[in-house]
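The values are calculated or read from the model by the stated rules, or taken from the named source; none is laboratory data. For clarity, every value in this text was computed on a predicted model and none was experimentally measured. Cβ coordinates were reconstructed from backbone atoms using ideal geometry, including for glycine residues, and neighbour counts include every protein chain displayed. Side chains are part of the model used for accessible areas, which takes the heavy atoms of the whole protein and leaves out ligands, DNA and RNA. Shrake-Rupley method; radii C 1.70, N 1.55, O 1.52, S 1.80 Å.
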Number of protein chains: 2
Amino acid sequence: MTTASKTVSDVIHSHLGVLTRAEKQLAESLLDNYPVSGLGSITTIAENAGVSTPTVVRMVQKLGFKGYPDFQAHLHQEVEATISNPIAKHDRWAQNAPGTHILNRFADAIMGNLRQTLTDLDTATFDNVAALLSDRKRGLYFAGGRITGALAEYFFTHMQVIRPATTLLSSNSSSWPQYVLNMNAGDVLIIFDIRRYEQEMVSLATAARKRGAEIVVFTDQWGSPAAKLARHAFRVRIEAPSAWDSSVVTLFIVEALIEAVQNSTWDETKERMKTLEGLFEQTKLFRKPG
Amino acid sequence: MTTASKTVSDVIHSHLGVLTRAEKQLAESLLDNYPVSGLGSITTIAENAGVSTPTVVRMVQKLGFKGYPDFQAHLHQEVEATISNPIAKHDRWAQNAPGTHILNRFADAIMGNLRQTLTDLDTATFDNVAALLSDRKRGLYFAGGRITGALAEYFFTHMQVIRPATTLLSSNSSSWPQYVLNMNAGDVLIIFDIRRYEQEMVSLATAARKRGAEIVVFTDQWGSPAAKLARHAFRVRIEAPSAWDSSVVTLFIVEALIEAVQNSTWDETKERMKTLEGLFEQTKLFRKPG
DNA sequence: GCCGTCATGAAAAGAAATTTTCAGCGGATG
DNA sequence: CATCCGCTGAAAATTTCTTTTCATGACGGC
């Protein structure tokens, strides 16, 4: 058997390219909640995927199986392997990987971080920050450090699409005073400051506050000194089985905020996104002849 | 549903007293390697237990199921519950928040993405990429798109500390050819390309491959066209209850890779980090008097 | 705009599963 | 020892699932 070593999931992936529309649709449905979704009869999975039963037969044959029963037998074997594997019993993450694989250890850590962070987090804080960022009258300024700069940029990039008056502070802290100069009372400064807290962040926060800006800080559980100056602070768990801290949960909060802000003014955002699409198209036209 | 609380296993146990010899034999067979042993057809499990098919029908009806299909449906549900990560299933994340709060919905989605991604991910791919990135003889180049640029930058920032010969491609794609010009055979190009795949990525990948570079792609489950040119591809689930895609799981893989690479050459990395600390100190000294 | 090719699902045909029927068998009882 | 009762599985009947066939419609090339 050729499929002895490869999982059904692998086989599907390696064939994704040669699948037709309906077959892709079916493949998606199977991979979603794999491998349990393939447990039922051919009729059931065809219905779940919204395709006809012949499509199922054609696809599994295209994948190299003799027929649907053959396909399902392989799936059953995989389910069996997954369930009866003693390591898999508790936390089954990456299959075929020993429980000590870095991916599994990381997954465990991230899960713990997420859970702890959400337990500690006051949803009122979240909602208040979302409201603050949704307020079009307030200018937004994003600042990050050496490592967290990427998070600030990610946040900024999204907010820039959603609303006007957003600014990303250059990574070069010597230029920060110029940004502060432009801040008005009521503007919001979003600061990322984690572990090895950077001295410049406190200076930035102090200066911004003097100008009447509201400050939102993303920091770790121990708290950046800048958090003391902040109106709102997110204390995120950042522990990882690594010499580095994990930014995964921080990014999680950021994405949730992006959605919350966007959602609060969806009509306006939609218009902006449409316009942006148009601008992208134009840019392409500019570029094509070049 | 009455069986929502009781498992099939419970039901069998509670009926053990009223079962006949052949039925007990069947029950034993089912409980042995439960619940996988009940995955097949009635014929299969009858054969495995060494009883006739009518015995199976009679027993499941005695247990309170309408018939074999009904019995099997319950078993499938249990298999699903066993396989699905128990933590991901738990009802509420942030306490005191309604289950429909954006934070909770996001947490559910992210956990699903993580689980699915790790299920689909081949750990060999991960290990191979880690080895590739650990090889000091290879230069590393990081490229991202409009949104994924921040991920590329995050990855780059860490790798830059861990090892020499790392380059972040400017976000301005018109300058990319100059980077390709400097690539040598065996160098590694790490590309982030998700959804709205950017045409330039394919051009970049093609050009880099002509220079003999190895290509690693981070993409979504549908696959960037650049993935076809890649030696290794990570297909990450990016679905979120949002108009935007989620980068959380992608960042997760990136962080795990960072740790894997660092771990493989910890001694050297330690030296580099010490030196870096020294350099930071010096910079501060420069600045203080100013 | 016509033609060929291919994807797709409805429906029929075929195969397999599930359920029912029924006869044999073995142990219990008088 | 005869009889009864209920367990058991072979085999038939029934239902359901799986596969094949074929008509339709979409798409691209000429």
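Numbers below:
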{"read-out": "Average accessible area per residue (Å²) across the protein assembly as shown - probe 1.4 Å, nucleic acids and ligands excluded", "value": "45 Å²"}
{"read-out": "Convex hull volume per residue in cubic angstrom - Cα atoms of region A:2-84", "value": "80 Å³"}
{"read-out": "Cα-derived Rg to Rh of the protein assembly as shown, Kirkwood definition", "value": "1.02"}
{"read-out": "Semi-axis lengths (Å, descending) of the ellipsoid that matches the C-alpha gyration tensor of region A:107-279", "value": "24, 21, 15"}
{"read-out": "Surrounding net charge for A:I238, when Lys and Arg each add one and Asp and Glu each subtract one, Cβ distance under 9 Å", "value": "-1"}
{"read-out": "FRET E, pair A:R195, A:E80, Förster distance 35 Å, beta-carbon r, rounded to 0.05", "value": "0.20"}
{"read-out": "For region B:248-269 versus region A:105-162, the gap between their alpha-carbon centres in whole angstrom", "value": "23 Å"}
{"read-out": "Ascending list, in nanometres, of distances separating the B:N33 label from those of the other copies (7 Å, Cα toward Cβ)", "value": "2.6"}
{"read-out": "Local electrostatic count at B:E23 - Lys and Arg +1, Asp and Glu -1, tallied over other residues with Cβ under 14 Å", "value": "+3"}
{"read-out": "For B:N182, label point 7 Å along C-beta direction: distances to other copies, nm", "value": "3.0"}
{"read-out": "Rg/Rg_ref, chain B, where Rg_ref = 2.2 N^0.38 Å and atoms are Cα", "value": "1.44"}
{"read-out": "Contact order relative to length of region B:8-83, as percent, for alpha carbon pairs under 8 angstrom and 6 or more apart", "value": "30 percent"}
{"read-out": "Number of partner chain Cβ atoms within 10 Å, mean per residue of B:106-114", "value": "4"}
{"read-out": "Carbon/sulfur fraction of accessible area - the protein assembly as shown, other protein chains in place, 1.4 Å, %", "value": "53 percent"}
{"read-out": "Amide hydrogen neighbours beyond the local backbone of B:S246, cut-off 5 Å, H modeled", "value": "B:E239, B:A240"}
{"read-out": "Pairwise FRET efficiency - B:K66 versus B:V18, Cβ, R0 = 22 Å, nearest 0.05", "value": "0.75"}
{"read-out": "Filtered trypsin sites (Lys or Arg not before Pro), region B:1-74: DSSP coil and at most 14 other beta carbons within 10 Å", "value": "B:K6, B:K66"}
{"read-out": "Segment B:K137-B:T43, extension gain: residue separation times 0.36 nm, minus the distance between their alpha carbons", "value": "27.9 nm"}
{"read-out": "For A:F234, residues with placed amide H under 5 Å, excluding near neighbours", "value": "A:V217, A:F218, A:T219"}
{"read-out": "From phi via Karplus (6.51, -1.76, 1.60), per-residue ³J(HN,Hα) for region A:201-212 in Hz, x at Gly/Pro", "value": "5, 5, 4, 4, 4, 4, 5, 5, 5, 4, 7, x"}
{"read-out": "Relative contact order, percent, chain B [alpha-carbon distance under 8 Å, six or more residues apart]", "value": "13 percent"}
{"read-out": "At 7 Å out from Cα toward Cβ: A:D70 inter-copy label distances (nm, ascending)", "value": "3.6"}
{"read-out": "Partner chain coverage, peptide B:65-74 - average Cβ within 10 angstrom", "value": "1"}
{"read-out": "Cα-derived Rg over Rh, computed across region A:135-232 with Rh taken as Kirkwood radius", "value": "0.92"}
{"read-out": "Phi to ³J(HN,Hα) by Karplus 6.51 cos²θ - 1.76 cosθ + 1.60 over region B:40-48, Hz, x for Gly, Pro", "value": "x, 6, 4, 4, 4, 5, 5, 5, 4"}
